[in-house]
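**Q** What follows is a single structure, and I will ask about it in a moment.
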Amino acid sequence: MAASGASPRPQPRPIQLTYASFEARVAAATLDLLVLFIIGALLITAGALVILISSDFEKTDPSTLSINTFWACVGAIAPASLLYLFLSYAWKGQTVGKAVMQLMMVRSDGRPLGVFGAIARVIGVLTYFLLFGLGAIGAFILRGSTLPAAIAMGAAMAFIVIGVLIAAFDGRRRMLHDRIAGTIVVKLQG
């Protein structure tokens, strides 16, 4: 029980979050695409070097093992990209692009993402690939007729574009993957 003359404890001030602008998020995503391109290029280069060395710099046919190694490197691009995103989200709530643009991902209540928030965010990002894949499958199934195939792919692309553009009209600047993961992107103060 507090003494009658004791002063009340000061209440912590709520943190003021400034939502990241749509333009800053697009710039950060562009930088992240560059990072993902570099990851892919490094993996493909590593696989190509294995083939080049195995073939004695194209003097003989490359071994089956070296060709399989090349395709393993190509297959490692998607997992390596997801790992980059997950580690960036879980560690600091920032990818390279967001760090350059001074943005940070947090939960909707302002807390850091953590491991489970990072997993939810990666799943949210994968939604765009799922939509694209569904459109591609629909276009493949309907490949006998150009118009229905184009409509299937166009509808998938329209959903992806809408999922991104809703941030321009949302007060908290949330895209589809932010809504799925329960996250927001904020501008760092200072």
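**Q** Considering (1) of a type outside the set (Lys, Arg); (2) at pLDDT below 95; (3) touching a helix residue (DSSP H, G or I) at 6+ places or on another chain (Cβ under 9 Å); (4) closer than 25 Å to Val26 by Cα, say which one Tyr84 fails and leave the rest.
**A** Answer for Tyr84: the failing condition is (2).
**Q** Still on this structure: When region 138-149 is examined, which residues are found to be out of contact with any Lys or Arg (no Cβ under 9 Å at 6 or more places or on another chain) and surrounded by 13 or more Cβ atoms within 10 Å (Cβ to Cβ)?
**A** Residues satisfying the conditions are Gly138, Ala139, Leu142, Pro148.
**Q** Something else about it: Would you tally the residues in region 127-161 being outside any helix (DSSP H, G or I) and within 13 Å of His177 (Cβ to Cβ)? Let's see the steps before the verdict.
**A** Taking region 127-161 first, the residues outside any helix (DSSP H, G or I) are 142-145.
Now restrict to residues that are within 13 Å of His177 (Cβ to Cβ): none.
Summing the residues that are outside any helix (DSSP H, G or I) and within 13 Å of His177 (Cβ to Cβ) in region 127-161 gives 0.
**Q** Considering only region 39-67, how many residues are under 15 Å from the mean Cα position of the chain (by Cα) and free of Cβ contacts under 8 Å to residues at least 12 places away in the same chain? Full working, then the answer.
**A** If we filter region 39-67 for residues that are under 15 Å from the mean Cα position of the chain (by Cα), which is where we start, we get 39-40.
Add one more test, that the residue is free of Cβ contacts under 8 Å to residues at least 12 places away in the same chain, and what stays is none.
Residues flagged as under 15 Å from the mean Cα position of the chain (by Cα) and free of Cβ contacts under 8 Å to residues at least 12 places away in the same chain within region 39-67 amount to 0.
**Q** Do we find that Arg143 is among the basic types (Lys, Arg) and touching a Leu at 6+ places or on another chain (Cβ under 8 Å) in this structure?
**A** Working: among the basic types (Lys, Arg): yes; touching a Leu at 6+ places or on another chain (Cβ under 8 Å): no.
Answer is no for this residue.
**Q** Name the residue that is modelled with the highest pLDDT, counting only residues in region 1-38 that are over 22 Å from the mean Cα position of the chain (by Cα) and polar (S, T, N, Q).
**A** Gln16
**Q** Follow-up. Among the residues of region 105-118, is there at least one that is farther than 14 Å from Ala20 by Cβ, buried (at least 16 other Cβ atoms within 10 Å of the Cβ) and of a type in the set (D, E, K, R)?
**A** Looking for residues that are farther than 14 Å from Ala20 by Cβ, buried (at least 16 other Cβ atoms within 10 Å of the Cβ) and of a type in the set (D, E, K, R), one finds at least one in region 105-118, hence yes.
**Q** Do any residues in region 120-139 that are over 12 Å from Ile160 (Cβ atoms) have Cβ atoms under 8 Å from those of residues that are aromatic (Phe, Trp, Tyr), where the two are at least six apart or on different chains, and which pairs are they?
**A** So the pair list comes out as Arg121/Tyr89; Val122/Phe86; Val122/Tyr89.
**Q** Something else: Out of Asp178, Asp170, which single residue is touching a Gly at 6+ places or on another chain (Cβ under 9 Å) and either surrounded by 13 or more Cβ atoms within 10 Å (Cβ to Cβ) or in contact (Cβ under 8 Å) with a residue 12 or more places away in the chain (or both)?
**A** Going through Asp178, Asp170 in turn, the sole match is Asp178.
**Q** State whether the residues of region 126-134 include one that is surrounded by 13 or more Cβ atoms within 10 Å (Cβ to Cβ), more than 24 Å from Leu34 (Cα to Cα) and among the aliphatic types (A, V, I, L, M).
**A** yes
**Q** Condition first: surrounded by 17 or more Cβ atoms within 10 Å (Cβ to Cβ), more than 30 Å from Lys98 (Cβ to Cβ), of a type outside the set (Ser, Thr, Tyr) and out of contact with any strand residue (DSSP E or B) (no Cβ under 6 Å at 6 or more places or on another chain). Can you find one or more residues in region 54-70 that meet it?
**A** Yes, region 54-70 contains a residue that is surrounded by 17 or more Cβ atoms within 10 Å (Cβ to Cβ), more than 30 Å from Lys98 (Cβ to Cβ), of a type outside the set (Ser, Thr, Tyr) and out of contact with any strand residue (DSSP E or B) (no Cβ under 6 Å at 6 or more places or on another chain).
The values are calculated or read from the model by the stated rules, or taken from the named source; none is laboratory data. This is a predicted model, so every value here is computed, not measured. Ideal geometry is used to build each Cβ from the backbone, glycine not excepted, and the neighbour counts take in all protein chains shown.
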